[in-house]
Structure formats: C-alpha cells, structure tokens
Amino acid sequence: MPEKVLMKGNEALAEAAIQAGCRHFFGYPITPQTELAAYMSKRMPKVGGTYLQAESEVAAVNMVLGAAAAGVRAMTSSSSPGISLKTEGISYMAGSDLPALIINVQRGGPGLGGIQPSQADYWQATRATGHGDFQILVFAPSTVQEMVNLVSDAFDLADQYRMPAMILADGMLGQMMEPVALPENSGKTLPEKPWSASGHHGERKHNVVNSLYLTPQALESLIRDRFHRYEVIREKEQRAEEYLTEDADVVLVAYGASSRVARSAVEAARENGIKAGLIRPITLWPYPVDAIERAIPTVKAFLSVEMSMGQMVDDVKLAVNGRRPVYFYGRTGGMIPTPNEVLEEIRKIAGGM
Amino acid sequence: MDHLHLILAGFGGQGILFAGKVAAYAGLFDQKEISWLPSYGPEMRGGTANCSVCISNRPIGSPLVVNPNALIVMNRPSLDKFAGAMVPGGVAVVDSALIDKKIDRADVTAYYLPATSMAEEHGLRGLANMILIGKLFRETSFCTEESLWKAIEKCVPARKAEMLGLNKEALRLGMEYQG
C-alpha cells in the first residue's frame with residue numbers, strides 16, 4: 001500500500017490520469033477546475049506527454065477527438081460553462097465511436113453562473129452532452145480517493161465500449177484535500193485499437209473515423225448497434241453504494257458532494273430513531289436502477305438530495321415508477337445543503353408516514 | 001478530542017490555508033480520517049480566506065464546516081462571521097494583536113494571544129498562523145504532539161527548508177503561551 005498523501009481533488013484527478021496511461025491533455029483554464037490543467041502542465045512534459053492549452057474549449061475538445069482517433073488515451077477537463085462549449089465535440093466523438101475522458105468540475109449555472117460547487121449539470125451529463133441519439137458513461141466520485149480510482153476505470157470502460165466517458169465532479173471535490181493512495185503505475189499495456197487512424201504502413205486498408213452518414217438507413221443501423229451496446233452497459237456497468245438500506249424506511253439518493261452531506265444526515269437520523277439509509281449512485285449513466293429496485297420492497301419513501309433544483313430526482317422517479325413516493329431536497333447556485341437541513345426533510349417525511 | 005471541526009479564517013496572505021494543511025496532516029499521521037476545504041474564488045483575492053479542516057475517527061461527511069467546535073481567527077470580519085456559529089463548548093483562538101474584540105459568548109472558551117506581535121518580536125514574521133495552531137493544540141490536543149511536528153516537517157517544502165526551524169519555533173511559542 002503506497003503512503004497516503006494529501007491532494008486536492010483536481011490534482012489527484014490529473015495524477016490518476018497520468019498513472020492510467022493518459023499522455024495527451026488538451027484544456028483551457030476555468031475555475032474551479034484550473035489546478036487540474038496546471039498540474040498537467042507541470043507533469044506531462046516530465047512523462048513524455050503532451051499538455052496543450054488550446055485557444056478555446058471548442059478547440060481543446062476537438063484536439064481530444066483527433067488524438068482519440070489516432071488511438072491514444074486523451075482527455076480534457078473543464079467546468080460547467082466550458083463543458084457546454086465542448087458538447088459539440090463530445091457528440092462528434094460519440095458519433096465516431098471514440099473513447100476519451102472528459103472531466104466536469106461543476107460550478108453554478110446557467111450562463112457564467114457562479115464558481116461555487118454545484119450539481120446542476122446532471123441533465124446535461126446524462127441526457128445531452130451534445131445533439132443526437134447517444135449516451136456517454138458518467139461517473140460520480142464522492143471522495144478524492146474515489147476520483148483517483150474512477151479515472152482509470154473510466155478510461156478502461158471508454159476503450160472497452162468505444163465511447164466517451166465523463167467524470168462528473170464539482171467544485172467541492174475539486175478543491176478539497178483528502179488523503180489518497182495513488183496507484184503505482186501498473187505498467188499495464190493499453191488495449192490495441194485496430195480501428196484507429198494511426199497509419200496503415202501499406203499493410204492494411206486505411207481506417208476512417210467519421211460521424212457523417214448521409215444515408216438514413218446506414219445511420220439508423222449504426223445508431224441501433226450503438227444502442228445494443230448501451231443495453232449491455234446498462235446491464236453490466238451500474239455502480240452504487242448502498243449504506244444502511246436493508247431496514248431503512250426512508251432512503252436518500254445522492255451522489256458526489258451532496259452524498260457526503262446526505263450520509264451525515266442519515267447518521268443523524270439514525271441517532272434520532274429514524275431508520276434512514278442512502279443509495280449513492282457511482283455511475284449516473286448507466287443509472288443504478290438495480291440498487292433502487294432492491295430497496296423498493298422495504299422502503300417507504302425516497303428522498304433525492306442534490307445541489308440543483310432537482311435533476312437526478314427524475315431518474316429516481318423513473319426507477320421507482322410510482323411504487324413509492326419520491327421527495328426532493330436541494331440547494332443551488334453554489335449553496336451546499338447542510339446535514340441539519342437534510343435531517344429536517346427526513347423528519348418531515350418520516351413524520352408523514 | 002473525538003472529532004475536530006475546525007475553521008481557520010483571516011485575510012489572504014496570513015497563511016490560513018497552510019495552517020489548515022498542517023492541522024490536516026497531523027490528523028493523517030494520527031491515522032484519522034481528515035478533510036481540508038478552502039474558500040476559493042473572489043472571496044480569496046485580496047479579501048478574506050478561510051478553510052475547513054475535519055479530523056475524525058469516522059469517515060467525514062460534508063467537509064464544509066458550518067458549526068465549528070474549534071476556531072482560529074486572524075481578523076475582525078472572521079470573528080464576526082464565525083464566532084456565532086460555534087457549537088457550545090467550542091474553543092476559539094483569537095489573534096488579539098489584530099482583533100480588539102472579545103467573543104461575546106459564555107458557552108465557548110476563547111483564548112486571546114497577540115500572535116502577530118509575538119511573531120514580530122521573535123523574528124518570525126508571517127508565522128502568527130503557526131503560533132495560533134500551537135495554542136489550539138495546547139488547549140484541545142486535537143492531535144498528538146509527535147504528529148504535529150511530523151506535519152510541519154511534511155508541509156514546509158524542501159525549497160524553503162530554512163523555514164522549517166522558524167515554523168517549529170512559532171509552534172512552540174504558541175504551545176507555551178500562558179494566558
């Protein structure tokens with residue numbers, strides 16, 4: 001076990017990406033994500049990699065597209081307004097079946113919004129990181145250590161399923177320091193990418209990486225193939241942590257920073273004699289519907305806790321499908337809910353049962 | 001102390017974030033769960049700086065300390081902002097060289113020491129933060145002494161090695177301060 005060090009979430013994400021074999025980073029500074037790019041600018045040259053601060057977010061994401069098409073591990077990172085600019089490139093990558101990692105250290109929106117932590121990009125991450133029929137993998141870490149662990153998983157699964165992956169963090173997780181054990185460079189070989197446009201050396205037909213299909217039949221068939229892949233992912237890649245859910249009357253559902261607040265509220269509720277539990281989605285797409293399903297037989301009500309006006313609550317409702325009441329509590333605009341506020345909501349729900 | 005929910009607050013440039021990092025590392029060396037969360041953004045630029053540090057035997061929920069049980073303040077606005085939020089029984093350490101106000105609460109224990117002038121007098125300019133950490137340690141035992149020394153050794157970067165002795169001296173001044 002390597003020695004634990006204190007690292008900011010943003011720096012830990014960057015180092016974890018390097019340890020996962022990423023050697024191509026294209027970015028553009030924005031608070032509260034900037035330490036990630038700054039760390040990359042220092043480290044990448046030392047490991048023989050490329051750090052490039054592009055002229056804009058749009059340029060950066062298209063550089064990621066180009067690098068991914070050439071078959072290398074590539075990534076970009078930004079915060080909410082910057083991610084909006086990157087959505088065009090993400091859609092093109094999804095339409096070209098390209099693996100890449102995009103990190104969103106969320107801040108308050110819409111527009112330039114604010115710079116304090118937020119989870120108001122849930123809909124964007126899980127529904128529309130660009131135009132067209134597609135999904136990307138979305139991971140939601142809640143500790144700095146989990147950020148580190150999910151970076152290499154995200155790269156691996158993106159390669160395996162040939163699609164973009166996102167880590168949806170927030171300003172709190174990016175800025176805070178926690179102890180982390182960094183993975184030793186595993187030295188594992190990255191998967192072969194025989195589809196990549198990396199030079200055929202006269203030995204094979206040239207590969208084409210493209211998202212333009214002018215024949216509707218061809219495009220539909222391609223999208224249907226992609227959706228078959230999504231079905232496999234829905235079946236095999238859901239992740240969630242279930243905490244004190246076995247006997248819980250009220251189950252909170254929360255991810256990322258707000259799940260930390262929710263966990264404290266669950267513990268406080270238990271101390272007050274209320275049987276509360278927590279489902280913490282680790283994948284937001286695929287959404288961990290199986291964890292919700294497991295809770296349904298015993299739970300009396302769900303409470304989605306978010307740093308938004310209520311976005312993930314839609315997925316909780318879809319999974320619950322009317323079988324139990326689903327409540328929502330959130331703060332937005334950079335405000336972070338307190339455990340006491342959440343406890344008060346749990347009390348109200350428990351009192352009404 | 002079973003768990004420390006510490007807020008350190010003052011102006012940017014007073015070493016607030018660094019002092020918080022030292023406290024956090026001390027907790028880490030004690031094999032505790034810890035978190036460190038800074039204020040960031042315009043709040044920091046030329047204005048107030050603060051950070052939350054949690055040290056606990058259990059996993060840390062929200063790293064944002066709302067109701068601290070320990071407080072280090074290095075300017076008046078911070079005292080006004082955070083003193084009222086302390087939990088009953090909390091411990092405050094106030095730099096009385098910079099703040100002429102007392103905490104008007106009977107249910108918290110406040111220690112006043114002129115850390116900034118003490119630092120000046122001992123040739124430790126800029127290390128009032130460590131004096132205050134030393135005092136907090138003496139009054140709360142939020143970590144073991146061994147871990148606190150280890151933490152300061154960890155946090156002073158190698159390129160500023162000449163600062164290590166001075167930081168230690170400042171810590172010791174705070175630990176030994178009577179009053």
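Condition check ((1) touching a residue at least 12 places away in the same chain (Cβ under 8 Å); (2) surrounded by fewer than 17 Cβ atoms within 10 Å (Cβ to Cβ)) across all residues:
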position: B:Thr109; (1), (2): yes, yes
position: B:Glu121; (1), (2): no, yes
position: B:Met130; (1), (2): yes, no
position: B:Lys135; (1), (2): yes, no
position: B:Phe142; (1), (2): yes, no
position: B:Cys155; (1), (2): yes, no
position: B:Ala158; (1), (2): no, yes
position: B:Met175; (1), (2): yes, no
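In this entry, A:Gln119 passes the filter for residues that are in contact with an Asp or Glu (Cβ under 9 Å, 6 or more places away or on another chain), in a loop (DSSP other than H, G, I, E, B) and over 19 Å from A:Tyr28 (Cβ atoms). Return the residue satisfying two criteria in turn: it lies in region A:1-21 and is within 14 Å of another protein chain (Cβ to nearest Cβ) and assigned to a helix (DSSP H, G or I), and of such residues it is most open to solvent (accessible area, probe 1.4 Å). Only one residue fits best here, namely A:Glu11. Only one entry of A:Ser96, A:Ser77 meets the criterion of being outside the structural domain of A:Ser304 (by TED's automatic domain parsing), under 17 Å from the mean Cα position of the chain (by Cα) and of a type outside the set (Phe, Trp, Tyr), and that entry is A:Ser77. Screening region A:264-285 for residues that are within 14 Å of chain B (Cβ to nearest Cβ) and open to solvent by less than 40 Å² (accessible area, probe 1.4 Å) and picking the one that is nearest to A:Asp153 (Cα to Cα) gives A:Arg280. Does at least one position in region A:246-263 carry a residue that is open to solvent by 40 Å² or more (accessible area, probe 1.4 Å), within 14 Å of chain B (Cβ to nearest Cβ) and aliphatic (A, V, I, L, M)? No, region A:246-263 has no match at all.
Screening A:Glu192, A:Glu203, A:Glu242, A:Glu231 for residues that are in contact with a helix residue (DSSP H, G or I) (Cβ under 8 Å, 6 or more places away or on another chain) and either open to solvent by 40 Å² or more (accessible area, probe 1.4 Å) or within 14 Å of chain B (Cβ to nearest Cβ) (or both) leaves exactly one candidate, A:Glu242. Taking residues in region A:192-220 that are free of Cβ contacts under 8 Å to residues at least 60 places away in the same chain, and partners anywhere that are part of a loop (DSSP other than H, G, I, E, B) and loosely packed, with under 10 Cβ neighbours inside 10 Å, the pairs with Cβ atoms closer than 6 Å and at least 6 places apart or on different chains are A:His200/A:His206. Here B:Ser62 does not fit the description of being at pLDDT 95 or above, of a type outside the set (A, V, I, L, M, F, W, C) and farther than 24 Å from B:Gly126 by Cα. So, A:Ala319, is that one within 14 Å of chain B (Cβ to nearest Cβ) and not acidic (Asp, Glu) or not? It is false that A:Ala319 is within 14 Å of chain B (Cβ to nearest Cβ) and not acidic (Asp, Glu).
Screening B:Val53 against (1) among the β-branched types (Val, Ile, Thr); (2) touching a helix residue (DSSP H, G or I) at 6+ places or on another chain (Cβ under 8 Å); (3) more than 10 Å from chain A (Cβ to nearest Cβ) leaves a single unmet condition, (3). Scanning region B:35-49 for residues that are among the polar types (S, T, N, Q) and at pLDDT below 95, we see that the one that is farthest from A:Ala262 (Cα to Cα) is B:Thr48. Being under 23 Å from B:Tyr40 (Cα atoms) and open to solvent by 10 Å² or more (accessible area, probe 1.4 Å) holds for only one residue in A:Pro110, A:Pro141, and it is A:Pro110. Looking across region A:22-41, the residues that are free of Cβ contacts under 8 Å to residues at least 40 places away in the same chain and more than 14 Å from every other protein chain (Cβ to nearest Cβ) come down to A:Tyr39, A:Met40, A:Ser41. Has region B:39-47 got any residue that is basic (Lys, Arg) and assigned to a loop (DSSP other than H, G, I, E, B)? Yes - at least one qualifying residue is present in region B:39-47.
Listed by first and then second residue, the pairs with beta-carbon distance under 7 Å, at least 6 apart or on different chains, first residue in region B:18-36 and within 7 Å of chain A (Cβ to nearest Cβ), second in a loop (DSSP other than H, G, I, E, B) and aromatic (Phe, Trp, Tyr), form an empty list.
Regarding B:Gly126, is this residue of a type outside the set (Lys, Arg) and open to solvent by 40 Å² or more (accessible area, probe 1.4 Å)? Yes, satisfied.
Of the listed requirements (1) loosely packed, with under 15 Cβ neighbours inside 10 Å; (2) touching a Phe, Trp or Tyr at 6+ places or on another chain (Cβ under 6 Å), B:Ser96 misses just one: (1).
Rundown of residues vs (1) within 21 Å of A:Asn340 (Cβ to Cβ); (2) more than 12 Å from the chain's Cα centre (by Cα), yes/no style:
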{"residue": "B:Ser52", "(1), (2)": "yes, no"}
{"residue": "B:Leu64", "(1), (2)": "yes, yes"}
{"residue": "B:Gly90", "(1), (2)": "yes, yes"}
{"residue": "B:Ala110", "(1), (2)": "no, yes"}
{"residue": "B:Leu113", "(1), (2)": "no, yes"}
{"residue": "B:Leu124", "(1), (2)": "no, yes"}
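Taking first residues from region B:57-69 that are within 10 Å of chain A (Cβ to nearest Cβ) and partners that are part of a loop (DSSP other than H, G, I, E, B) and buried (at least 20 other Cβ atoms within 10 Å of the Cβ), the Cβ contacts under 6 Å between residues at least 6 apart in sequence or on separate chains come to B:Pro63/A:Met176; B:Leu64/A:Ile336.
The values are calculated or read from the model by the stated rules, or taken from the named source; none is laboratory data. Please read these numbers as outputs of a predicted model, since none were measured by experiment. When we count neighbours, we look across all protein chains shown, and the Cβ atoms used for this are built from the backbone with ideal geometry, even at glycine. Only protein heavy atoms, including side chains, enter the accessible area calculation; ligands, DNA and RNA are left aside. Shrake-Rupley method; radii C 1.70, N 1.55, O 1.52, S 1.80 Å.
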